[in-house]
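Below is one structure, written out as structure tokens; the observations come after it.
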């Protein structure tokens, strides 16, 4: 799958877990096809800051996807609601982490 499409899908699923700035920059870059310079000018930041934000945002999206897949593999039933997965990824409780430690590595 093309990276642009993949990032777009991941943003739709896990976008609420990104910072507002990361979400906005990824949207401008992947969905609106703006260049780094155009985004930097629009947001009054440097091109390097835009590039760093895109890179960190992508890493977070792929990490969320990996954790969600690991969680699904660890559950007996595959009928886990996406909201439950997002809740667990974004703020797992200490007891849950201790109990299912292998899924959070």
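The values are calculated or read from the model by the stated rules, or taken from the named source; none is laboratory data. This structure is a prediction, so every number in the text was calculated from the model and none was measured. Here the Cβ positions follow ideal geometry from the backbone for every residue, glycine too, while neighbour counts run over all protein chains shown.
Scanning region 3-54 for residues that are surrounded by fewer than 14 Cβ atoms within 10 Å (Cβ to Cβ) and under 11 Å from the mean Cα position of the chain (by Cα) returns 9, 12, 16, 19. Restricting to region 31-48, what's the tally of residues that are assigned to a helix (DSSP H, G or I) and either under 19 Å from residue 7 (Cα atoms) or in contact (Cβ under 8 Å) with a residue 60 or more places away in the chain (or both)? Of the residues in region 31-48, 3 are assigned to a helix (DSSP H, G or I) and either under 19 Å from residue 7 (Cα atoms) or in contact (Cβ under 8 Å) with a residue 60 or more places away in the chain (or both). Here the condition is being outside any helix (DSSP H, G or I), loosely packed, with under 15 Cβ neighbours inside 10 Å and either at pLDDT below 90 or in contact with a strand residue (DSSP E or B) (Cβ under 6 Å, 6 or more places away or on another chain) (or both); of 79, 83, 73, it holds for 79 alone. Among the residues of region 2-18, write down those that are touching a helix residue (DSSP H, G or I) at 6+ places or on another chain (Cβ under 8 Å) and outside any helix (DSSP H, G or I). Of everything in region 2-18, just one residue is touching a helix residue (DSSP H, G or I) at 6+ places or on another chain (Cβ under 8 Å) and outside any helix (DSSP H, G or I), namely 18. Give all pairs with beta carbons closer than 9 Å in which a residue from region 61-80 that is farther than 21 Å from residue 8 by Cα meets a residue that is at pLDDT 75 or above; count only pairs at least 6 apart in sequence or on separate chains. Between residues of region 61-80 that are farther than 21 Å from residue 8 by Cα and residues that are at pLDDT 75 or above, the close pairs are 80/68.
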